[in-house]
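Visitor: Before I ask anything, let me first share the structure, which is written out below as structure tokens.
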Amino acid sequence: MPQLTEEDLKNMTPEQIAELQKQNCIFCHIVSGKVASRKVYEDDKVTAILDINPANPGHAVLLPKEHYAIMPQIPEDVLGHIFMVAKAISHACLKAFKAQGTNIFVANGVVAGQRAQHLMVHIIPRKENDGIKVFNVPHKEIDPKELKAISVVLKKRIDEMFGLKHDVLDLDRAKKMAPEQKAGKEGEEQLEEEAEKLFGGEPKKEEEKEKPEEIDIDKIADMFK
Amino acid sequence: MKKDCAFCQAIWDRNNEKIYEDDKVVAVLDERPAAPGHVLVLPKEHYPILEQVPDFVFRHAFNIANKISIALFETLHSQGTNIIVNNGLAGGQESAHFMINIIARKEGDGLNFQWTPKQLSEEEMSTIELQMKEQTKAIGQFEEEKAKPIEMEAKAKKISSDEGNYLWKKARRIP
């Protein structure tokens with residue numbers, strides 16, 4: 001295919017760029033059969049192949065047939081189907097290799113360790129003492145204030161997604177609220193009261209300016225270029 | 001609910017902080033997180049491992065996990081998320097309650113989930129492929145949620161002796 005300059009890329013519509021990404025995506029070629037692979041499962045929405053760089057023998061990769069870069073782009077019914085198949089493959093791994101456990105692993109975004117611009121679900125059969133430790137989730141101590149702040153912000157956002165409306169609150173403001181907090185139960189109550197003041201009262205005009213900058217999911221998906 | 005499971009207790013403890021709750025799953029923040037923004041999605045029923053979780057609960061849990069992942073992107077300005085299910089003791093599962101880990105990632109957070117690839121010969125790969133195919137043949141039937149039986153109130157019709165009732169009117173006409 002002809003080489004494209006940056007100038008060309010700028011002039012393209014998002015649809016054209018998406019089409020271009022599809023053409024250049026090796027996993028889309030694998031799904032369509034243009035590139036050889038070891039397919040272990042296929043239906044109308046997903047394809048499962050064996051990873052060529054396996055963490056353990058039997059490491060399978062589940063690919064949606066449509067091209068999606070990261071998980072938030074996938075519609076709900078497809079996502080549900082992908083993970084139901086992932087569960088079935090995990091079960092198949094247990095039976096086929098007499099594995100004692102499995103890992104299901106998804107990386108969203110380059111920072112999380114995603115390497116190809118096609119979302120995939122890794123299913124890795126595990127045996128005791130197989131020497132793989134990377135999937136053990138580490139545990140670190142965290143400042144309870146920060147935990148509380150995250151919890152407040154996240155809960156509001158999730159409630160909003162499910163249709164319960166609140167004012168927008170960002171992490172920095174939640175943290176600012178936290179230092180005034182007293183120790184123990186009183187402090188928690190105080191924080192909750194403050195939160196209630198913020199959310200319960202009439203929306204102030206100032207708050208509208210303080211909306212967090214919106215994260216563009218497409219931007220994260222485009223970081224691969 | 002199982003009494004000796006710490007997670008079950010946490011789920012049914014009403015004072016506990018939950019960031020999401022519905023009839024099937026609960027989402028809570030990990031108290032000792034891998035990174036700021038480490039969420040656990042737990043089914044409300046007690047299922048020790050993945051194989052015991054019904055398909056429709058699992059599907060629902062992942063749809064919620066996806067929504068939480070989006071919320072992490074938007075609120076904590078994370079640049080990526082990892083979704084990890086550790087299944088079975090050999091898989092690194094720490095407690096006897098199935099859960100999905102969602103970890104918000106940022107550049108330079110010191111986490112690494114990248115495995116070292118193992119080199120396998122073509123022959124080994126072929127055997128694995130055959131073994132897997134044998135087992136994946138059975139995939140296709142997914143467990144759906146059974147509709148709850150609709151409770152109907154029994155309403156027996158009583159014939160009243162009202163003037164307006166057609167049946168009574170008719171009865172009187174017979175000599």
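Readers should treat all values here as calculations from the given coordinates under stated rules, not as data from a laboratory. No experiment lies behind these values; they were computed from the predicted model shown. Cβ: placed from backbone, ideal geometry, glycine included. Neighbour counts: every protein chain shown.
Visitor: Could I have the simple spin-label model distance between A:E146 and A:I17, label points 7 Å from Cα toward Cβ, reported in nm to one decimal?
Guide: Result for the modelled spin labels: 3.3 nm.
Visitor: Using the count of nearby Cβ atoms within 10 Å as a rough guide to exposure, how do A:V35, B:V57 rank from fewest to most?
Guide: Going from least to most buried by this count: A:V35, B:V57.
Visitor: Okay, moving on. Counting Lys and Arg as +1 and Asp and Glu as -1, what is the net charge of the other residues whose Cβ lies under 15 Å from the Cβ of A:F27?
Guide: The answer is +4.
Visitor: Right, next: Taking the Kirkwood radius as the inverse of the mean 1/r across Cα pairs, report the Rg/Rh of region B:12-99.
Guide: Radius of gyration over Kirkwood radius for region B:12-99 works out to 0.94.
Visitor: What is the mean number of Cβ atoms from other protein chains located within 10 Å of the Cβ atom of each residue in peptide A:66-76, rounded to a whole number? Kindly include the intermediate steps, with their values, before the conclusion.
Guide: On the way: counts 0, 0, 0, 0, 5, 8, 8, 0, 2, 0, 6.
Neighbouring Cβ atoms belonging to other protein chains average 3 per residue here.
Visitor: Extension gain B:A6-B:E134, at 0.36 nm per residue separation less the Cα-Cα distance, in nm?
Guide: Length gained, B:A6 through B:E134: 42.2 nm.
Visitor: Got a sec? How would B:T75, A:T13 order by Cβ neighbour count within 10 Å, fewest to most?
Guide: Values: B:T75 25, A:T13 8.
So the ranking, lowest neighbour count to highest, is A:T13, B:T75.
Visitor: I've got another one for you. In nm, give the distance between the simple-model label positions of B:T116 and A:E66, each being 7 Å from the Cα along the Cα-to-Cβ direction.
Guide: My value for the distance between the label points is 4.0 nm.
Visitor: How many Cβ atoms of partner chains, on average, are near each residue of A:119-132 if near means within 10 Å of its Cβ?
Guide: For peptide A:119-132, the averaged partner shielding equals 3.
Visitor: What is the Cα radius of gyration of region A:6-126 over 2.2 N^0.38 Å, N being its residue count?
Guide: Taking the Cα Rg and dividing by 2.2 N^0.38 Å, one obtains 1.13.
Visitor: Can you pull the mean other chain C-beta count within 10 Å for peptide A:28-39?
Guide: Mean partner-chain Cβ count within 10 Å for A:28-39: 1.
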